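Student: Let me give you the structure first, and then I'll get to my questions.
The values are calculated or read from the model by the stated rules, or taken from the named source; none is laboratory data. Just so you know, these numbers come straight off a predicted model, no measurement behind them. Methodologically, a virtual Cβ is constructed for each residue, glycine included, from the backbone with ideal geometry; neighbour enumeration extends over all protein chains shown.
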Amino acid sequence: MQAELAAQPAALVPSPVAAAPAPMRQAWADLGLVALITVATFAVGAALEFSEWIAAHSKTYEAYQLDELPLALAAMLLGLIWYSWRRYRHASRELGLRLRTQAALVENERHYRMLFTEDLSANMLADADGVVSLANPEAARLLGLPSAEAAVGQRIGDFYADRELWRTHLAALAGGAKVEPPVLSLRRADGKERRVIAKLTVRRDAAGISQVHAFFTDITALEQAQAELAKTLAENRQLIQRSIQVQEDERRNIARELHDEMGQWLNALKLDAVSIRDRADGEIKAAAQSIVDVTNHVYEVARNLMRRLRPVALDELGLPSALQYLVDQWQRRHPMVKCTFSTDGSLEELGEVANITLYRFVQECLTNVAKHAEAGEVKIVLRRIDATGEVELAVSDDGRGFEPRRATLGMGLLGLRERIEVLGGAFTLEAGTGRGVSVRGLLPA
């Protein structure tokens with residue numbers, strides 16, 4: 001019946017606006033008929049002298065005051081007319097209200113049908129045993145059935161991959177509980193498995209019969225996409241890790257070439273220039289001294305390049321000492337900024353990859369402070385968390401800061417995050433205008 005109402009609302013419920021002219025015409029016709037009867041009665045009564053006849057015959061019953069009967073009947077007629085008018089207004093209001101209510105019910109039914117059938121989630125209505133009595137097209141698609149009608153009479157539990165789980169859910173529903181498993185496996189009619197987010201509720205209809213409402217949202221494609229994304233992300237991190245390793249190897253080789261080849265040639269050039277300077281005088285001696293000075297400058301530049309390419313202290317002294325040397329050198333170049341470095345816990349045997357990652361972390365942060373921060377103080381803390389064995393490195397400054405939501409990370413900070421995350425760690429950045437910047441890297445044990 002409800003389906004028929006939803007399918008043909010216009011045929012079953014006439015529009016109050018469209019139906020208004022017909023009753024008005026009928027009312028005028030009835031009024032005209034009343035006027036015609038009144039005129040006809042007057043004409044017949046006048047022709048037959050009906051009132052005189054009544055008066056003549058009622059004299060015999062004067063004791064009963066029957067002559068007052070016409071006036072009483074006229075009053076009763078007026079009262080009946082008023083009563084009919086009142087009942088007519090009441091009936092009109094009732095009819096209008098019923099028409100509007102019926103139209104609203106039909107509209108709500110239409111909306112309900114539209115929402116039910118067009119919903120992207122599978123919706124099913126079943127009895128207390130899970131036998132489906134109503135389903136939408138998405139439910140049929142999810143269960144591998146040809147149509148929504150084909151789902152009627154099927155048991156929801158027959159599509160559970162784990163039948164024991166269905167019995168558990170059915171028992172919970174019988175107790176009035178709401179069942180909302182985060183992820184549920186269903187097996188379609190063709191045997192394929194689908195992963196869904198489910199929600200099952202129970203309610204009683206007007207007759208007091210329990211009904212189960214089942215809602216299923218298919219997330220199979222989403223889980224597959226997530227798995228593919230995770231696989232791609234893992235592959236990308238392996239490529240990044242390999243790229244970083246190749247980069248560090250290349251830096252090490254370049255630093256070694258600078259030290260072994262360029263260093264030797266500069267030393268030889270310097271020795272020859274010193275020999276010429278000591279033996280000559282005048283312009284030749286001044287030129288030789290100039291060569292010695294240029295050689296010293298080039299050698300200092302080469303040493304700085306070698307330190308940036310591959311910190312020798314990291315290989316010879318370990319991470320804490322290498323970082324302390326890096327901080328000291330940076331403090332010497334920026335004496336107006338107070339820079340402190342502290343360590344806590346055992347930081348030995350972190351591994352070459354972790355050591356170079358943490359060293360580059362501090363190196364990049366100090367470079368950013370020098371370029372952008374306008375800070376007065378920088379704090380660097382390296383510690384091992386005893387409870388978890390994780391290694392935490394935090395660099396903070398009291399500079400001008402920035403708003404992370406309005407700014408994009410530069411290549412340096414992006415590179416730091418990639419270095420930390422490729423080792424399975426976590427990178428966090430806290431900043432605010434006028435509140436400085438705090439960068440934190442956490443490496444797993």
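Student: Which residues, taken from the range 217-246, are polar (S, T, N, Q) and surrounded by 11 or more Cβ atoms within 10 Å (Cβ to Cβ)?
Tutor: The answer is T217, T220, Q224, Q226, N236, Q238, Q241, S243, Q245.
Student: Mind listing just one residue for me: the one in the range 346-378 that is of a type in the set (D, E, K, R) and surrounded by 16 or more Cβ atoms within 10 Å (Cβ to Cβ) and, of those, nearest to T433 (Cα to Cα)?
Tutor: Restricting to residues being of a type in the set (D, E, K, R) and surrounded by 16 or more Cβ atoms within 10 Å (Cβ to Cβ), the top hit is E364.
Table: residues versus (1) at negative phi; (2) of a type in the set (G, A, S); (3) not assigned by TED's automatic domain parsing to the domain that holds R204.
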{"residue": "E94", "(1), (2), (3)": "yes, no, yes"}
{"residue": "L145", "(1), (2), (3)": "yes, no, no"}
{"residue": "R155", "(1), (2), (3)": "yes, no, no"}
{"residue": "S185", "(1), (2), (3)": "yes, yes, no"}
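Student: Name the residue that is farthest from E364 (Cα to Cα), counting only residues in the range 270-311 that are β-branched (V, I, T) and touching a residue at least 12 places away in the same chain (Cβ under 8 Å).
Tutor: For the range 270-311, the residue satisfying everything is I276.
Student: Anything in the range 217-251 that is within 31 Å of the chain's Cα centre (by Cα) and of a type in the set (K, R)? List them, or say none.
Tutor: Correct list: K231, R237.
Student: Here's another thing I want to ask about it. Can you name the condition, by its number, that R307 falls short on among (1) surrounded by 15 or more Cβ atoms within 10 Å (Cβ to Cβ); (2) modelled with pLDDT of 85 or more; (3) under 30 Å from E261 (Cβ atoms)?
Tutor: All conditions are met except number (2).
Student: State whether the residues of the range 170-177 include one that is assigned to a helix (DSSP H, G or I), assigned by TED's automatic domain parsing to the domain that holds L125, modelled with pLDDT of 90 or more and under 19 Å from A221 (Cα atoms).
Tutor: no
Student: Given A198, A207, A214, which one is in contact (Cβ under 8 Å) with a residue 40 or more places away in the chain, on the phi < 0 side of the Ramachandran plot and in the same structural domain as D162 (by TED's automatic domain parsing)?
Tutor: The unique qualifying residue is A214.
Student: Which members of the range 313-325 meet the condition of being among the hydrophobic types (A, V, I, L, M, F, W, C) and touching a residue at least 24 places away in the same chain (Cβ under 8 Å)?
Tutor: If the condition is that a residue be among the hydrophobic types (A, V, I, L, M, F, W, C) and touching a residue at least 24 places away in the same chain (Cβ under 8 Å), then L314, L319, A322, L323 are the ones that fit.
Student: Since I385 meets every condition but one in (1) out of contact with any Pro (no Cβ under 9 Å at 6 or more places or on another chain); (2) modelled with pLDDT of 85 or more; (3) closer than 15 Å to I240 by Cα; (4) not hydroxyl-bearing (S, T, Y), which condition does it not meet?
Tutor: (3)
Student: I would also like to ask the following. Return only the number of the condition from (1) surrounded by 13 or more Cβ atoms within 10 Å (Cβ to Cβ); (2) not hydrophobic (A, V, I, L, M, F, W, C); (3) not in a strand (DSSP E or B) that G441 does not satisfy.
Tutor: (3)
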